[in-house]
Amino acid sequence: MFSFLKGAIGEVHSVNDSDYTVKVKLLEYDGVITEDLQVTTLLSFGKTSYLLPDINTPVLVIFFDDNTDRGFVIAGFYSAKNPSSGTKDTIIFDCEGNYISLDRKNNSIKIVSKEKIEISSKDISFNCDSFSVNAKDINLNGTKSISIKSKIINILGDIKSTFIIYAKDFLKL
């Protein structure tokens, strides 16, 4: 059986997180609220991400024939009511003020979190010309050892130790 596809513009009315569906208020259908509609995604089968639109997000919906209960949300779009936080040179993945920003013009990546960033891996390497960390407190915990290797090590500030360091340990005799 062949069905005709019809499209409509609407706003997300509610989000069903457990079913990955949304109900949409259809502006072109006198404000009718749809049943739960699936949201299309670019990824599937193990390559997934959670990208359900927020309530009031403008969306484009397609339906089979004229049945507003059988359809899909195929895209969200930007508007004066739903502006983008990115630009042509900056791509931003934003989630409640925590975001990753990809700056194409300056070739940089910025990660911002309101609370905590956690990285878990078997091995992490940084290869760069310069590496800076600015923080109120910095804690390094090595369950086996901590190694620092450099031609010059500058320590600015007081050194407090809970073990004894002897000068002879630093001198070649």
Mind giving me the FRET efficiency for Asn106 and Phe131? R0 is 22 Å, r the Cβ-Cβ distance, nearest 0.05 is fine. 0.75
FRET efficiency (Gln38, Lys81; Cβ distance; R0 25 Å; to 0.05) is 0.60
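Give me the percent of accessible area attributable to carbon and sulfur for region 1-126, probe 1.4 angstrom. Please report the intermediate quantities before stating the final value.
Values: 5260 of 9640 Å².
Result for region 1-126: 55 percent of the exposed heavy-atom area is carbon or sulfur.
For Asp66, what is the net charge nearby, where nearby means another residue's Cβ is under 14 Å from its Cβ and Lys, Arg count +1, Asp, Glu -1? If you can, show how the numbers build up before the last one.
Numbers: positive: Lys6, Arg70; negative: Glu28, Asp30, Asp65, Asp69.
Here the count lands on -2.
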Name the residue, out of Ser130, Ser108, Ser79, whose mean-square fluctuation peaks in a Gaussian network model built on the chain with Cα pairs under 10 Å. Ser130
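Dipole magnitude of region 1-132 about its Cα centre, charges +1 at Lys/Arg Cβ and -1 at Asp/Glu Cβ only, in debye to the nearest 20?
On the way: 13 positive and 19 negative charges, 97 e Å.
Dipole of region 1-132, to the nearest 20 debye: 460 debye.
Give the Rg/Rh ratio for region 1-150, taking Rg as the radius of gyration of the Cα atoms and Rh as the Kirkwood radius, to two decimals.
Details: Rg = 22.1 Å, Rh = 19.5 Å.
On the Cα set of region 1-150, Rg over Rh gives 1.14.
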So if each residue of separation counts as 0.36 nm, and I subtract the Cα-Cα distance between Lys151 and Asn98, what length gain in nm does that give? 15.3 nm
The summed charge of the Ile111 Cβ neighbourhood (under 14 Å; Lys/Arg +1, Asp/Glu -1) stands at -1
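Pulled fully out, how much extra length does the chain show between His13 and Lys116, if you take 0.36 nm times their separation in residues and subtract their Cα-Cα distance?
Values: separation 103, 0.36 × 103 = 37.08 nm, distance 3.12 nm.
Once the chain is fully extended between His13 and Lys116, it gains 34.0 nm.
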Charges only on Cβ, +1 for Lys and Arg, -1 for Asp and Glu: so what's the dipole of region 54-95 about the Cα centre, in debye to the nearest 20? 140
Evaluate the distance, in nm, between pseudo-label points positioned 7 Å from the Cα of Thr90 and of Phe72 along their respective Cα→Cβ axes. 3.3
In what sequence, highest mean first, do 14-27, 90-103 appear when ranked by Cβ atoms within 10 angstrom? 14-27, 90-103
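With every protein chain left in place, what is the accessible area per residue of the chain in square angstrom, probe 1.4 Å? Write out the running numbers ahead of the final one.
Details: 15470 Å² over 173 residues.
Solvent-accessible surface per residue comes out at 89 Å².
The values are calculated or read from the model by the stated rules, or taken from the named source; none is laboratory data. Here the structure is a predicted model, which is why all the values come from computation and not from measurement. As a convention, Cβ positions derive from the backbone with ideal geometry for all residues, glycine included, and neighbour counts pool all protein chains shown. Areas reflect the complete protein model, heavy atoms only, side chains present, ligands, DNA and RNA absent. Shrake-Rupley method; radii C 1.70, N 1.55, O 1.52, S 1.80 Å.
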